[in-house]
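First up is the structure itself, then whatever we jot down about it.
We did not get these values from a lab; they are worked out from the coordinates using the rules stated. Since the model is a prediction, treat every value here as computed from it, not as a measurement. Counting neighbours? That spans all protein chains shown, and the Cβs are built from the backbone with ideal geometry, glycine included.
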Amino acid sequence: MQFNFTTQPNNIVETIYSNDNILLTDKIVETPLALPQQEGIYKIELTCTWEDYSSTYSFFVFLDLPITYKINQHSAYPGDSFAILISNVNEEENFHVTAPFYNEALDFYPYEDGFLCIIPIYAWSTPGKYQIQASNSEPALTNTFDVEILPKAFDVQYLQVTESTAAINTTDNSANDQVYFDAARSNPIQEKLWEGAFIQPTDGKVTTDYCATRYTNDNPTPSRHLAIDIANTNGTPIMASNHGKVVLAKELIITGNTIVIDHGLGIFTSSFHLSEIDVKEGDFVTKGDVIGKMGSTGYSTGPHLHFAIWKNGTFLNPWTFIEKDPVEFK
Ligand SMILES: [Zn+2]
């Protein structure tokens, strides 16, 4: 912003106010004060002094900054995610984000002073270089983020289950259970309830890892295990992996006693096969709260916890969430 005077004052003091609070004040020597880096309405006051008199001028400015986009990381593994932070968005402004490795609709949640978009990376994504594009019109602007999906090897596992256990795992039973999962995630909480890294929800031995290719009973068509299995004795406490709201607490056919927690921004965790459920739907839980006990209910061969993290319908790698908060921006 430039100020022009017919007779240049000997001295100018500029003060910028936001809601009556002084943000910045300084004597202008060469150039005016830098404007704040946040959108808003500011009052600017100029106290000008000439040889024989002085005068104060004040006026308001509405600062409309262009939309800015920030990414949390530039490389990640299959099963991880990228997050885009969108700032300085006014009501009438639109923006658009595309990621060629994700073929479902992206959603945006109000976050800090703008919006957050979490882009899941499918476990079966092809490693390589991709471009995430974030764009808006008026002014037309496209931000391109060069990202890389890094290669990662996952386990292969051969599993034998008894005939009676195998009989539980049918398409009909799966469809029956799915109705409850779809309902549980139909209305995600719009704010971030979780804080920091997630915790491993129980103690025990990891018997099947995330994204293990699993061949069951010599079936030539494998399935992918998009969760972690942790085995221990029946009754081992199961904890909430982070803060959230219980949106499903029910015995289902395949997943047995099941708990789903909504952590906000489309992130959910699920715990299967419990022997006991110690929470009810609608409860708010804190990271570390005991929510149930380990068991072997449903399609299961022994006491273990099947623990999954999902963004909407995509199962992500729980270990990444346990390592660090997935939406930290430097
Ligand atoms: Zn499992």
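The calculated FRET efficiency for Glu281 paired with Glu195, based on their beta-carbon distance and R0 = 35 Å, is about 0.95. Comparing Phe115, Phe95, Phe315 in a Gaussian network model of the chain where C-alpha atoms under 10 Å apart are linked, the largest mean-square fluctuation is found at Phe95. The phi torsions of region 297-309, fed into the Karplus equation with coefficients 6.51, -1.76 and 1.60 and a -60° offset, translate into couplings of 7, x, 7, 8, 9, x, x, 6, 9, 9, 10, 10, 10 Hz, rounded to whole numbers, with Gly and Pro shown as x.
Counting beta carbons within 10 Å around each of Val147, Val247, Val13, Val61 and listing the fewest first gives the order Val61, Val13, Val147, Val247. For region 11-63, the ratio of Cα radius of gyration to the globular rule of thumb 2.2 N^0.38 Å stands at 1.16.
Rounding to the nearest 10 and keeping the result within 0 to 90°, find how far the Cα-based axis of helix 171-184 lies from the longest principal axis of the chain. The answer is roughly 30 degrees.
Distance between the C-alpha centres of region 175-210 and region 57-86: 27 Å, rounded to the whole angstrom. The packing ranking of peptides 298-310, 226-238, highest mean first, is 298-310, 226-238, where packing means the average number of other beta carbon atoms within 10 angstrom of each residue. What residues from region 75-108 fall in the zone where the backbone N is under 12 Å from a label point 7 Å along the Cα-to-C-beta line of Lys324? 75-76, by backbone N distance to the label point. Here the Kirkwood formula, the inverse mean of 1/r across different C-alpha pairs, assigns region 1-140 a hydrodynamic radius of 18.7 Å.
Taking amide H atoms as placed 1.01 Å from N in the peptide plane, the amide H of Met294 lies under 5 Å from those of Gly235, Thr236, Ile238, Ser275, each 5 or more residues away in sequence or on another chain. The largest-to-smallest principal axis extents of the Cα set in region 156-323 are 44, 31, 27 Å. Distance from the C-alpha centroid of region 273-330 to that of region 224-258: 5 Å, rounded to the whole angstrom. The loop-placed trypsin sites (Lys or Arg not before Pro) in region 291-324, going by DSSP, that have at most 14 neighbouring Cβ atoms within 10 Å of their Cβ come out as Lys324.
For a straight C-alpha distance cut-off of 19 angstrom, the lysines reachable from Lys129 (same-chain residues fewer than eight places away being disregarded) are Lys70, Lys152.
Compactness of region 246-326 was expressed as the Cα radius of gyration divided by 2.2 N^0.38 Å, which yields 1.06. Here's how it looks for Ala83: its modeled amide H is under 5 Å from those of Asn72, Gln73, Ile119, which are all 5 or more places away or on a different chain. In region 68-149, Rg over Rh equals 0.97, where Rg is the alpha-carbon radius of gyration and Rh the Kirkwood radius from pairwise Cα distances.
Each Lys or Arg adds one and each Asp or Glu takes one away; over the other residues whose Cβ falls under 15 Å from the Cβ of Val161, this sums to -2.
Charge tally for Pro139 (other residues, Cβ to Cβ under 13 Å; Lys, Arg +1; Asp, Glu -1): -3.
Only the Cβ atoms of Lys and Arg (+1) and of Asp and Glu (-1) were treated as charged; on that basis the dipole of the chain about its Cα centre amounts to roughly 1060 debye. Quick check: net charge around Phe329, other residues with Cβ under 11 Å of its Cβ, Lys/Arg +1 and Asp/Glu -1? It works out to a net charge of -1. Counting lysine pairs in region 172-330 that sit 8 or more residues apart in sequence, or on different chains, and whose Cα atoms lie under 24 Å apart gives 25. Dividing the helix sum by the residues of the chain, where each DSSP H run of 4 or more adds -39500 (n - 2.57), gives a mean residue ellipticity at 222 nm of -2000 deg cm²/dmol. Stokes-Einstein diffusion of the chain at 4 °C, 1.567 mPa s viscosity, Kirkwood radius from Cα pairs, rounded to a whole number: 56 µm²/s. Loop-located chymotrypsin sites (Phe, Trp or Tyr not before Pro) in region 4-45 (DSSP state not H, G, I, E or B) with no more than 12 neighbouring Cβ atoms inside 10 Å: Phe5.
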